[in-house]
Amino acid sequence: MAMSKTMKIGRRDFLKLTSLAAGAAALLAAQGKFNFEPQVQFLDALIRGTFDGQIMASLDDGQSWNKLVNFGNQFSVSNLAVTQGQLVAVMELNGRYFRIQTTDGRKWYTV
């Protein structure tokens, strides 16, 4: 029978560890290592959805971004995917989700 060991950690040590982890996450985010907004490669561009309803395109690997479409800040782009040659965006509005898709980034259709 295997014995399991438990480790007690005090409140002070717990707070030290969590602040260290939070600091590391903030540092990685500041360096661009974390990407909280969804992005995919589509056609010749890197496409990024934003939490304020915009879909942006970059032709230089994310060095600069141009607005492809703005659905309004009441929407949030929660996911992007490329399926069968189409760009599919999962949109959120007031806690409800729906999908839209495009073949060229200009005309969007609900799925």
At residue 93 and residue 110, where each label point lies 7 Å from the Cα along Cα→Cβ, what is the point-to-point distance in nanometres? 0.7 nm
Checked the stretch 39-110 with the C-alpha gyration tensor, a ≥ b ≥ c its square-rooted eigenvalues, rounded below a/c of 1.5, otherwise prolate if a/b is larger than b/c and oblate if not; verdict oblate
Which value in nm describes the separation of the simple spin-label points at residue 22 and residue 67, placed 7 Å from the Cα toward the beta carbon? 3.4 nm
As straight-line cross-link partners of residue 67, the qualifying aspartates and glutamates (C-alpha separation under 18 Å, not fewer than 8 residues apart within one chain) are 37, 44, 52, 104
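Bear in mind these aren't lab numbers, they're just calculated from the coordinates by the rules spelled out. Computed from a predicted structure; not experimentally measured. Every residue, glycine among them, receives a Cβ derived from its backbone with ideal geometry; neighbour counts consider all protein chains shown.
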